[in-house]
Structures are given as C-alpha cells and as structure tokens.
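A.B. asks: I'd like to ask you about the structure that follows.
All of the numbers you see were taken from the coordinates with simple rules; none came from a lab. As the structure is a computational prediction, the values presented were derived from the model and not from experiment. Positions of Cβ are backbone-derived with ideal geometry, glycine not excepted, and every protein chain shown enters the neighbour counts.
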Amino acid sequence: MTRILTRKTPQQARERLEYAGVHPLLARLYAARGVSRAEELDTSLAALLDPARMKGAAAAAQLLADAIAAKRRLLIVADYDCDGATACAVGMRALTAFGAEVSYLVPNRFDYGYGLTPEVARLAAERRPDLIITVDNGIASVEGVDEARRRGIATLITDHHLPGDELPAADGIVNPNQPGCDFPSKALAGVGVMFYVMLALRAELRKRGAFNVRPEPNLAALLDLVALGTVADVVPLDRNNRILVAQGLARIRQGKFQPGLRALFRVAGREAERANTFDLGFALGPRLNAAGRLADMSLGLACLVSDDLGQALNAAQELDRLNRERRGIEAGMQEQALALLDGLAPSDRAALSLYDPAWHQGVIGLLASRVKDRLHRPVIAFARGNGGELKGSGRSIPGLHLRDALDLISKRAPGLLLRFGGHAAAAGLTLREENLTAFETLFDETVRGLVSPTDLTHVIETDGALETGWMSLESARLLESAIWGQGFPAPLFSDEFEVEKQRILKDRHLKLTLRKGGARFDAIQFNFAANDAASTPLTAARAAYRLASNEFNGVTNVQLVVEHLEPV
C-alpha cells in the first residue's frame with residue numbers, strides 16, 4: 001500500500017522568501033523544506049562554515065605542514081566508492097600543489113576488506129610511507145592503525161562515518177561525527193571532510209609563510225570533485241553541503257572542471273554547461289562506483305587525477321563499460337531476488353535477508369536498495385566472501401537506523417556479527433555462513449521491535465498540486481538548475497489527470513498523454529510493470545510526478561516523469 005502525503009508549506013516563510021525576491025515557485029518549495037529566510041539560500045563560499053570549528057582540523061594541518069616541510073612521504077589510503085575516490089583526488093591535487101611528496105593506495109575490497117585493516121597497513125608499508133592519510137574510512141580501524149604504528153608509520157584519519165566505542169590511536173583524527181566535535185554540519189561526506197582538512201592546511205601554510213615563495217593554490221578549483229562525491233554519497237544536503245555542491249556545479253557549468261569529470265560527462269552523454277545534481281548522482285557517480293563494485297577503484301582514480309584529457313577519456317570509457325556490465329549483473333540478481341521473495345511472504349516480515357551463492361559481492365548493496373524500494377522493508381543482501389564468511393550490504397527505510405539495529409543485534413547475540421558499520425540508511429556486515437538463518441530471524445525480530453506498522457507503509461511525500469501555469473519548460477529548467485538531494489528532496493508534485501492515451505515502450509515503460517483542465521502533457525513512468533498496465537487501462541489517475549525537460553529530435557518540451565500512478 002502507498003500513501004501520498006503533501007508537505008506543509010509555512011505561509012509566513014513562503015511570503016518572506018517571495019518578498020526577498022525568490023522566484024514564487026522556488027519560494028513555495030524552499031519554505032516546505034525548512035528554509036525561512038533568503039540568507040539561508042546564500043551559496044557563496046563566504047557562507048561556508050569555518051574549518052577552525054572542526055575538531056582535529058588544526059592539529060591535522062600542523063601534522064601535514066610539518067611532514068611537507070620535512071619532505072616526508074605521504075600515502076593516501078582511499079575507500080572504494082565515488083566519495084572515497086573524489087576525496088583521494090582532492091587530497092592528491094591539493095597536497096601536490098602544496099609541495100608534498102604524496103601517492104595513493106586503493107586496496108581491492110574483495111581481497112583486503114573495508115578501511116585501514118591490518119592487511120592494508122602491511123600493504124601500505126611496502127610503499128615505505130612516513131604518514132598514512134585515510135579518506136572516507138579509518139574511524140573504525142583500531143587494529144589497522146595499531147599495525148601501522150608498530151611499523152613506525154604515523155596515521156591521520158579523515159572520515160565521516162559514525163565511530164564505534166573505541167577510536168583508533170591515530171596521530172590525528174578529523175571527523176565531524178567523532179565525540180567532542182561541535183562542527184555544526186554532521187552531514188559532510190568523506191570528500192567534504194578532506195576538503196576542509198586541505199582548507200585548514202592552506203591556512204597553516206599561509207601562517208608559516210609558505211606562499212611567500214610560491215603561488216597560493218586556489219582550492220575552489222577542487223569543488224567540482226567535492227560536489228560529485230557529496231551528491232554521489234547521498235549525504236543530507238544541509239546548508240553547508242548545498243554550498244559545496246552549488247559552487248562545484250557552478251564551476252562545471254562554466255567549464256572550469258577537472259579533465260576526469262569532463263571525460264565522464266562526455267561518456268555519459270550529459271551536457272556539462274547544464275549540469276545538475278541528477279547528472280552527478282545518476283550519471284557520473286555510478287560510473288565511478290562501477291570500478292569499485294566490479295574491480296577496484298584504481299581506474300576511477302586514474303580518471304580523476306589525470307591532467308591529460310585523452311588519458312582521462314580512456315579511463316572514463318572503461319568505467320562506462322564496467323557500468324554497463326554492472327547493470328547487467330544487477331538485473332540478473334534482481335530477478336533471482338524477486339523469485340526468492342515469491343516464497344517468503346515479505347508482507348509478513350518487518351525486515352528481509354536475501355542470499356544466493358552466485359551473487360556478486362560488489363552489487364549486493366544496489367540489490368538491497370532496489371528490493372527495499374519495491375517492498376518498503378529494510379533489506380540486507382548477502383554474497384560469499386572468503387573463508388566461509390558472508391558479506392552483507394543493507395539499506396533501510398525512514399524510521400529505522402540500520403547501524404543501530406545491527407549494534408543491538410551484536411549485543412543480543414555476541415559473536416554473531418564478525419564486523420559491522422555504516423549509517424542510518426545503509427550499513428554493511430560480515431558473518432559466518434552457518435549463522436545466516438539465526439541472523440535472519442534475529443534481524444526480523446529486532447526490526448519489528450524498533451518500528452511501528454506505519455513505518456512499514458510506503459509514503460510518498462509530495463509538494464501537492466502544481467498550477468498548470470507553472471507546468472512549463474521554463475519551470476522545469478528552473479527546478480533542474482537548483483540544488484536538490486538527500487534531506488532536501490527534488491520537487492515531486494501530485495495531481496489528478498484525465499488519461500487520454502497510454503502505451504508500453506520497450507516492454508518496461510508506460511508512456512502517457514495526460515490532461516489537466518485545458519492543458520495536455522506528455523508523461524512517462526519508467527520501469528512500469530507491463531502486465532499491470534495491460535490489465536488496468538486508466539481513464540483518470542492520480543500521479544506523483546517530477547517536472548522535467550525532454551529533448552527529442554532536436555526539440556525540447558516539458559515532460560512529467562511519473563513516480564507513482566494510481567486510478568482515481
């Protein structure tokens with residue numbers, strides 16, 4: 001069952017924004033998302049939160065500045081996703097510009113696991129670094145940091161994940177979510193944390209007079225990378241993150257961006273001069289992530305750190321091929337998962353655990369996400385790891401903090417989970433294959449005790465009806481150019497329409513002609529079940545939809561992209 005709700009729009013806030021000169025449609029949408037004053041929409045760099053407010057940033061800057069002055073060897077250990085790759089690229093480009101001797105290591109997660117594990121520390125030691133810098137990982141790497149310390153290697157942790165009960169004994173930790181950090185934005189992605197560390201380092205080097213003899217690097221030139229990693233990691237777009245993303249997109253639209261991103265835009269067939277958050281999250285991000293899911297992120301890093309467009313294009317084309325391969329693997333796994341669900345009666349369960357011995361470890365997170373979206377239940381999908389272990393990747397629903405649920409399971413059944421970590425919406429874990437059934441039962445019982453029946457009802461939150469005067473190509477482009485994302489959702493409207501025409505495209509998509517009053521609109525619902533469309537031809541429908549621009553045969557028109565459709 002799906003319920004469509006309408007967001008409340010505080011009238012005072014809406015009027016205040018309009019009075020300040022905000023477009024009336026945007027004023028309505030921003031007010032519904034908690035914006036009450038026009039100053040909150042300031043996306044200038046001057047409005048960014050001060051790096052000095054982040055615990056550990058100043059100490060990290062001193063550690064790095066000392067290392068640069070002493071010509072010590074720095075090694076960045078990166079995570080395997082888009083956030084980790086962009087954070088590594090920011091570090092490589094900034095530290096190189098500051099005169100550091102720096103290289104990077106992106107371990108294959110299938111061989112070495114997640115984070116700075118002892119195995120990764122030993123692998124890193126082969127490079128003989130003086131200082132290891134983690135990006136988008138490390139806050140849980142207690143044993144890995146100890147291993148590095150035993151080998152005489154200093155460590156600096158930059159991360160944004162939630163810490164466990166014990167922090168690693170690193171030489172420096174920068175993480176807005178660590179205990180005692182009062183940095184107002186807890187939503188920074190890993191790339192955002194690294195960017196802030198580089199801002200702090202530049203301030204420290206400026207204080208030491210380092211730029212008296214060399215030009216001061218413009219770190220704003222790295223904001224295209226920051227925007228990509230922030231959007232792709234689906235962190236909440238609070239005001240500070242919206243500033244980072246807006247500044248990055250502005251540079252991309254102006255053509256001031258890295259060769260690697262230029263190459264990714266080209267292979268994705270997207271127009272950089274009209275770049276938006278959808279391009280970053282659904283076109284560029286998945287292509288970078290495909291490397292970490294099916295191989296390792298070295299190819300993605302090669303794309304992002306190259307200053308040669310030809311080399312970046314070669315890497316981007318291989319990333320595009322891997323992404324097509326990933327989609328094929330995922331489609332097959334999704335069919336198998338849905339077949340598994342036929343015998344599970346998922347409506348009787350509060351949470352689902354799915355496993356097939358043939359599933360690919362790099363794609364189970366995407367699979368969990370797809371099944372979660374379809375059934376509105378927390379889902380963990382498992383694949384085989386090494387030595388009789390299962391690797392699980394989970395996705396959750398609003399109302400359930402998945403990492404906290406796993407923490408509760410670990411306390412109720414000590415030893416059941418070998419490792420776990422993550423966020424409210426996504427988490428990963430490792431367990432022995434013979435313990436899967438026990439976990440499945442306990443996971444369902446635990447979730448059932450943490451959520452209410454209403455949490456398990458799919459709710460679509462919309463911005464209500466849209467006046468036909470606003471249902472135009474101009475409005476679509478206005479909305480596409482704004483900053484939307486997790487926690488600041490893209491506009492979704494709901495209306496009742498007469499259905500004049502409907503047909504199935506490519507056995508998957510529902511093409512519609514809808515009428516509202518005297519206006520007629522083209523609409524499409526992607527991945528619509530063909531058998532449902534055939535069995536229930538519509539004459540009138542209620543639709544939850546996005547306003548979008550659609551180009552066909554050189555002509556661009558407004559199109560309604562339907563997210564949910566139900567008969568009236």
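A.B. asks: Using a simple charge model, +1 on the beta-carbon of Lys and Arg, -1 on the beta-carbon of Asp and Glu, nothing else, what dipole does segment 122-210 show about its Cα centre, in debye to the nearest 20?
C.D. replies: 520 debye
A.B. asks: Here is a follow-up. Which ³J(HN,Hα) values, rounded to whole Hz and listed in residue order, are derived for segment 365-377 from phi using the Karplus coefficients 6.51, -1.76 and 1.60 in 6.51 cos²θ - 1.76 cosθ + 1.60 with θ = phi - 60°, glycine and proline given as x?
C.D. replies: x, 5, 4, 4, 5, 5, 5, 4, 5, 6, 10, 6, 9
A.B. asks: For helix 239-253, what angle does its Cα long axis make with the longest principal axis of the chain, in degrees from 0 to 90 and rounded to 10?
C.D. replies: Taking Cα atoms only, the helix is inclined about 90 degrees.
A.B. asks: Next question, about the same structure. Quickly rank 177-187, 82-92 as a protection proxy: mean count of other C-beta atoms within 10 Å, highest first.
C.D. replies: 82-92, 177-187
A.B. asks: Right, next: Can you tell which of Leu418, Leu400, Val371 lies farthest toward the positive end of the dipole of segment 361-420, using +1 and -1 charges on the Cβ of basic and acidic side chains (Lys, Arg; Asp, Glu)?
C.D. replies: So the residue we want is Val371.
A.B. asks: Also: Using only Cα atoms, find the angle between the long axis of helix 57-69 and the longest principal axis of the chain, and express it within 0 to 90 degrees, rounded to the nearest 10.
C.D. replies: 50 degrees
A.B. asks: If you filter segment 258-324 for GluC sites (Glu not before Pro), then keep DSSP loop positions with at most 14 other Cβ within 10 Å, what is left?
C.D. replies: Glu271
A.B. asks: Ok, one more. For the chain, build the charge dipole from Cβ charges (+1 Lys, Arg; -1 Asp, Glu) around the Cα centre, then report which of Phe98, Ile380, Ile132 sits farthest towards its positive end.
C.D. replies: Phe98
A.B. asks: Next up: Which listed residue (Pro118, Ala227, Ala283) has the Cα farthest towards the positive end of the charge dipole for segment 46-320, taking +1 on Lys and Arg C-beta and -1 on Asp and Glu C-beta about the Cα centre?
C.D. replies: Ala227
A.B. asks: Pull up all non-local amide H partners of Tyr355: gap of 5 or more, or a different chain, and H-to-H distance under 5 Å with H placed in the peptide plane.
C.D. replies: Hits under the 5 Å cutoff: Phe382.
A.B. asks: Which residues' amide hydrogens lie under 5 Å from the amide hydrogen of His509, considering only partners 5 or more residues apart or on another chain, with H built in the peptide plane?
C.D. replies: Here the answer is Asn527, Phe528, since their amide H atoms fall under 5 Å of that of His509.
A.B. asks: What is the distance in Å between the Cα centres of segment 433-484 and segment 287-360?
C.D. replies: 22 Å
A.B. asks: For segment 477-533, take N as its residue count and report Rg(C-alpha) divided by 2.2 N^0.38 Å.
C.D. replies: It is 1.38.
A.B. asks: Going by alpha carbons, how many degrees (0 to 90, nearest 10) lie between the helix axis of 259-268 and the longest principal axis of the chain?
C.D. replies: It works out to around 30 degrees.
A.B. asks: If you place +1 on the Cβ of every Lys and Arg, -1 on the Cβ of every Asp and Glu, and leave all else neutral, what size is the dipole of segment 1-102 about its Cα centre, to the nearest 20 Debye?
C.D. replies: 320 debye
A.B. asks: Sticking with this structure for a sec: Can you compute 3J(HN,Hα) from phi for each residue in segment 477-484, using the Karplus curve 6.51 cos²θ - 1.76 cosθ + 1.60 with θ = phi - 60°, rounded to whole Hz and x for Gly and Pro?
C.D. replies: Values per residue, Gly and Pro as x: 5, 4, 5, 5, 7, 7, 9, 10 Hz.
A.B. asks: Please state the shape class of the chain: rounded when a/c is under 1.5, otherwise prolate if a/b exceeds b/c and oblate if not, all from the C-alpha gyration tensor.
C.D. replies: oblate
A.B. asks: If you project the alpha carbons of segment 429-568 onto their three principal axes, what span does each projection cover, largest first, in Å?
C.D. replies: Computed over the Cα atoms, the extents are 60, 38, 31 Å.
A.B. asks: On to the next question. Test of understanding: extend the Cα→C-beta vector of Leu45 to 7 Å, then name every residue of segment 196-229 with backbone N under 12 Å from that spot.
C.D. replies: It comes to 199, 216-224, nothing else.
A.B. asks: Okay, next question. By average Cβ neighbour count within 10 Å, what is the ranking of 163-172, 450-459 from highest down?
C.D. replies: Ranking the peptides 163-172, 450-459 by packing returns 163-172, 450-459.
A.B. asks: Sticking with the crude label model, points 7 Å out along Cα→Cβ, report the distance from Lys186 to Gln311 in nm, one decimal please.
C.D. replies: Once both label points are built, they end up 4.2 nm from each other.
A.B. asks: Then there's this: Just need the relative contact order of segment 422-568 here, percent rounded to a whole number, with Cα pairs under 8 Å and 6+ apart.
C.D. replies: 20 percent
A.B. asks: What does the highest-first list of 101-107, 443-449, 385-391 look like by mean Cβ count within 10 Å?
C.D. replies: 101-107, 443-449, 385-391
A.B. asks: Beyond 20 Å, how much of the Cα-Cα pair distribution for segment 343-456 remains, as a whole percent?
C.D. replies: So the portion of pairs separated by more than 20 Å is 32 percent.
A.B. asks: Right, here's the next one. Let me know the charge dipole size of segment 460-567 about its Cα centre in debye, to the nearest 20, where only the beta-carbon of Lys, Arg (+1) and Asp, Glu (-1) is charged.
C.D. replies: 360 debye
A.B. asks: Note down the relative contact order for the chain as a percent, whole number, built from C-alpha pairs under 8 angstrom at least six residues apart.
C.D. replies: That works out to 12 percent.
A.B. asks: As a test, work out the antiparallel percent of DSSP beta bridges whose residues both lie in the chain, rounded to the nearest 5.
C.D. replies: Antiparallel bridges make up about 65 percent of those DSSP assigns within the chain.
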